[in-house]
1. What is the distance in Å between the Cα centres of the stretch 100-143 and the stretch 190-214?
2. Which is farthest toward the positive dipole end of the stretch 276-350 among GLY300, GLN286, HIS310, measuring Cα position about the Cα centre, with Cβ charges +1 (Lys, Arg) and -1 (Asp, Glu)?
3. Any idea what the dipole of the chain comes to, in debye rounded to 20, about its Cα centre with Lys/Arg Cβ at +1 and Asp/Glu Cβ at -1?
4. Given the convex hull over the Cα atoms of the stretch 244-350, what projected area results after averaging over all orientations, in nm²?
5. Largest first and to the nearest Å, give the Cα extent of the stretch 32-122 along each principal axis.
6. Just to be sure I understand, if you calculate mean projected area of the Cα convex hull in nm² for this structure, which of (1) 24.4; (2) 19.3; (3) 20.6 do you get?
7. Using a/c under 1.5 as the rounded threshold, could you call the stretch 220-265 rounded, prolate or oblate? The axes a ≥ b ≥ c are square roots of the C-alpha gyration tensor eigenvalues, and prolate needs a/b larger than b/c, oblate otherwise.
8. How big is the antiparallel share of DSSP beta bridges in the chain, given as a percent to the nearest 5?
Amino acid sequence: MEMMKLTAAPSLPVFNEMIIKAFRMQDLELGWKLLQQMLEERKQPKCEVFLTYLQLITKDLITFTKELEKLFGFLKTHDVVVTKKTANAIHELACQHPKLLDVSLTKLKRQGKCVSCGHHLENVSLSDDDFQKLQDAFLEKVLIRKDVFQKSTPEEVKRFGEYIERTGPYDCVIDGLNVAYSMGSKKPPQALANLLASVVKYFKNRNKHVLVLGRKHMNKWPQKTMQYVKENAAVFLANDLSQDDPFMLYATLKSGQTTDFFSRDFMRQHAHLLGPDLKVIFRRWQQEHQYSLITQTESGKILVKEPIRHLICAHKVQQHWHVPYKQEYEQHVPDSFDIPEHWMCIKINK
């Protein structure tokens with residue numbers, strides 16, 4: 001495996017087989033190390049990995065609960081969603097060892113309330129320290145990098161920073177072109193402007209102070225509609241060659257913990273640039289703050305996907321672990337945020 005790394009990253013089957021073998025040989029340290037490497041390379045472990053681990057830890061009931069907690073903690077840290085096969089195996093273990101484990105296959109009600117235990121899932125909000133780390137790292141690693149200046153001049157970045165200081169902070173930052181092109185880039189300018197105005201109106205009706213980011217060519221869009229946008233939002237139009245995402249994320253992070261943003265982009269590149277540890281923090285922040293457009297009806301009404309404010313990964317609420325699971329294994333992790341349909345509610349009895 002180390003030889004492979006000289007020419008290419010080890011494949012998904014190689015990682016899976018090596019981890020299964022490590023667990024079968026009771027080399028837990030190597031198994032966990034390889035799992036960590038695997039997830040850093042965006043490869044998802046197959047359910048056989050977790051089934052092998054569960055078989056191993058049930059051989060010693062004294063350490064069983066501690067090792068199970070370790071597994072759930074790992075799922076939380078790396079946002080891993082196990083399969084139904086793994087969920088059934090955990091449920092079966094609870095039937096075999098009722099004094100050690102209570103497991104219910106459950107669902108969530110509105111706002112993340114567990115049907116089984118009645119607890120609400122934990123709020124996704126970052127701590128002040130984590131938000132500060134994200135804010136600082138984003139400025140250093142994403143915005144103030146040479147490749148931003150390939151598409152924006154230092155003068156424009158300076159002009160943008162001064163505009164933010166003057167008109168911020170905001171409640172929401174909107175990527176104007178991203179919104180306008182949500183229903184297709186070949187629409188006439190009036191349709192593009194109408195869609196942007198509808199999103200601005202959505203936040204105006206909620207008394208939000210909004211920033212719209214766009215390009216200078218948007219000044220050529222129908223004047224009446226663009227006038228509505230400019231009267232109801234702060235508007236910064238960059239040069240036509242600028243890169244939008246870093247500007248939008250900077251304005252959002254600069255405005256503070258409670259500020260949201262509106263874009264359908266998944267921000268994969270920016271999450272990747274931040275590195276493994278900060279990537280998790282960025283994804284949690286993104287989940288809590290990203291609005292996006294679902295569709296626009298024929299009458300012009302917009303349907304908006306609002307952020308999910310509770311955790312959608314494995315985590316513990318008081319004495320109960322809530323662990324999501326899916327029906328089938330998926331090789332690639334989805335970049336969008338959707339609430340898993342199926343959950344386990346698990347109480348580990350010490």
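1. 29
2. Farthest towards the positive pole: HIS310.
3. Working: 50 positive and 41 negative charges, 173 e Å.
Dipole size: approximately 820 debye.
4. 10.0
5. Answer, in whole Å and largest first: 36, 31, 21 Å.
6. (3)
7. Working: a/c = 2.38, a/b = 1.47, b/c = 1.62.
Oblate shape, in that a/c is at least 1.5 and b/c is the bigger or equal ratio.
8. The antiparallel proportion sits near 60 percent.
Rule-based calculations on the coordinates, nothing more; no lab input. None of these values were measured; they are calculated from a predicted model. Using ideal geometry, Cβ is built from the backbone for each residue, glycine included, and neighbour counts are taken over all protein chains shown.
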